[in-house]
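Visitor: Here you go, one structure.
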Amino acid sequence: METKVLKPTKKNVKYCAKLIKDGEVVGMPTETVYGLAANAFDEKAVNKIFEAKMRPADNPLIVHIADISMLKELTTSIPDIALAVCEKFWPGPVTIVLPKSDKIPLVTSGGLDTVGIRLPSNNVARELIKECGFPLAAPSANLSGSPSPTTAEHVYDDLNGRIPAILDDGSCSVGVESTVISFENDIIRLLRPGKISVDDLKTVASNVIIDRGVLEVISNDAKVKSPGMKYKHYSPKADVTLVSGSVEFFEKYVSERNSENTYALIFDNDNISDDIKSIRYGGNSIQQAERIFSVLREIDKIGAEKVYARCPSKEGVGLAVYNRMLRAAGFKVVKEGD
Ligand code: AMP
Ligand code: MG
């Protein structure tokens, strides 16, 4: 099958909606990362997502809606705190996990009795959902395990020949996947960090608990609250190590291990020796979120074997960058002073 990369004109959005209505899957832009979209209610179509991505069947998909009125039929109960989150942060990069209704097939929810739901702010995504007239299940549009796609080209590189079309709306503005949360009375549990930060969530909840899967290794057999967090994820082929501490410590640590195919991932304002080949991945957490996945793909393209990365801040959206880097590094972290 030939994969068409299409500008998001009205005509092309209609064309892609038709493909989806016919049971196909399509690459869809969102503000977080590109998604691979199919009819969330259609078991057969959703199965095609898992096939195209080679995704493990117990990893649930996020269901995308175009309007808050679409929320009701997807869940059996919407607590007040969930509504408060939707009112404050939707449309936007936060996914709420609620008990699923019978309309959501188990393939969509990865066998769980809950469903993750999000109202994206990207206009093309919302137009596509509206044109379809039903919610779209869409995980990230990458091959399972590889870095998430933040451009249509990334989607094409991974899925060319496996899907009929990609709507190309340029680079994703946020760059990391949505914040995923669940609710326990008036407490929010953070299952996956994203642009909507712990501090943002604290404005609507009495407390925010960070699930242990966010910062710890979860074994592949473990039963976890957010299944996506247990897989080795976002992994470039290169061997990545996170180096935490000052830039001086970083420079010394990498210099002692430098070789032909060694690269450093550093911040925009870092100054390190020209003897170390380096790639910059942003000056602040917002820029790092925007660039992290492109940079992880780039290091594979240039054939890097060893990569040492400056450790991102854990504040705000930095926690999301740290969480993704930690997985790209297979949890290998070196700390100054250890
Ligand atoms: P992706 O769209 O590829 O980033 O994958 C969606 C991720 O959202 C999953 O891997 C889970 O971590 C999370 N998620 C989706 N639905 C649920 C759910 N019902 N319960 C917990 N986590 C979920
Ligand atoms: Mg993903």
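Every read-out reported here was derived from the displayed coordinates using simple, explicitly stated rules and does not represent laboratory data. Remember, predicted model here, so these are calculated numbers, not experimental data. Backbone-built Cβ (ideal geometry, glycine too); neighbour counts: all protein chains shown.
Visitor: Mind putting a number on the dipole of region 272-318 about its Cα centre? Charges go on the C-beta only, +1 for Lys and Arg and -1 for Asp and Glu, and I need it in Debye to the nearest 20.
Guide: 80 debye
Visitor: Name the most mobile residue of Ala141, Ala84, Ala40, meaning the one with the largest mean-square fluctuation, in a Gaussian network model of the chain with Cα contacts below 10 Å.
Guide: Greatest mean-square fluctuation among the candidates belongs to Ala84.
Visitor: Would you work out the charge dipole size for region 156-303 about its Cα centre, treating the Cβ of every Lys and Arg as +1 and the Cβ of every Asp and Glu as -1, and quote it to the nearest 20 debye?
Guide: 540 debye
Visitor: Let me ask something additional. How large, in Å, is the chain by the Kirkwood hydrodynamic radius built from its alpha-carbon pairs?
Guide: So the Kirkwood estimate lands at 20.3 Å.
Visitor: Please give the net charge around Glu127, taking every other residue with its beta carbon less than 11 angstrom from that of Glu127, where Lys and Arg add +1 and Asp and Glu add -1.
Guide: +2
Visitor: Here is a follow-up. If you look at just the Cα atoms of region 248-320, how large are its Rg and its Dmax in Å?
Guide: 12.1, 35
Visitor: If you don't mind, another one. How big is the charge dipole of the chain about its Cα centre, in debye rounded to the nearest 20, if each Lys and Arg gets +1 on its Cβ and each Asp and Glu gets -1 on its Cβ?
Guide: 640 debye
Visitor: Using only Cα atoms and rounding to the nearest 10 degrees, what angle (0 to 90) does helix 10-21 make with the longest principal axis of the chain?
Guide: The two axes meet at around 80 degrees.
Visitor: Contour minus end-to-end for Asn271 and Lys10, with contour as 0.36 nm per residue of separation and end-to-end as the Cα-Cα distance?
Guide: Full extension from Asn271 to Lys10 adds 89.3 nm.
Visitor: Additional query: With a sphere of radius 9 Å drawn around the Cβ of Glu305, what net charge do the other residues whose Cβ falls strictly inside it have (Lys, Arg +1; Asp, Glu -1)?
Guide: 0
Visitor: Using just the helices of the chain, give the 222 nm mean residue ellipticity in deg cm²/dmol: DSSP H runs with n ≥ 4 each add -39,500 (n - 2.57), and the total is spread over all residues, rounded to 500.
Guide: Mean residue ellipticity, 222 nm, calculated: -8000 deg cm²/dmol.
Visitor: Please name which of Thr30, Cys172, Leu112 has its Cα lying farthest along the dipole of the chain towards the positive end, using unit charges on Cβ (Lys, Arg +1; Asp, Glu -1) and the Cα centre as origin.
Guide: The one lying farthest along the dipole's positive direction is Leu112.
Visitor: What ratio of Cα Rg to 2.2 N^0.38 Å holds for region 21-70?
Guide: Cα Rg divided by the expected 2.2 N^0.38 Å: 1.15.
Visitor: Per residue and in cubic angstrom, what volume does the convex hull of the Cα atoms of region 156-214 have?
Guide: Spelled out: Cα convex hull of region 156-214, divided by residues, is 135 Å³.
Visitor: Given Cα pairs under 8 Å that are at least 6 residues apart, what percent is the relative contact order of region 148-295?
Guide: Relative contact order for region 148-295 comes out at 19 percent.
Visitor: Under a Cβ-Cβ cut-off of 12 Å, what is the net charge of the residues other than Lys100 that fall near it, where Lys and Arg count +1 and Asp and Glu count -1?
Guide: That works out to -2.
Visitor: Another question, then. Roughly what % of DSSP beta bridges within the chain run antiparallel, to the nearest 5?
Guide: The antiparallel fraction comes to roughly 35 percent.
Visitor: Please grab the % of Cα pairs in region 119-219 that end up more than 24 Å from each other.
Guide: 39 percent
Visitor: Also: What's the extension gain from Ile68 to Ser255 if we count 0.36 nm per residue and subtract their Cα-Cα distance?
Guide: 62.0 nm
Visitor: What are the ³J(HN,Hα) couplings of region 38-55, residue after residue, when phi is run through the Karplus curve with 6.51, -1.76, 1.60 and θ = phi - 60°? Round to Hz, x for glycine and proline.
Guide: These are the phi-based 3J(HN,Hα) values: 8, 4, 4, 8, 9, 3, 5, 5, 5, 4, 5, 4, 4, 5, 4, 8, 6, 8 Hz.
Visitor: Using Cα-Cα distances under 8 Å and only pairs 6 or more residues apart, what relative contact order does the chain have, in percent?
Guide: Value for the chain: 19 percent.
Visitor: I'd like the Karplus ³J(HN,Hα) series for region 297-302: coefficients 6.51, -1.76, 1.60, θ = phi - 60°, whole numbers in Hz, and an x wherever there's a Gly or Pro.
Guide: Those phi angles translate into 6, 4, 5, 6, 4, 7 Hz.
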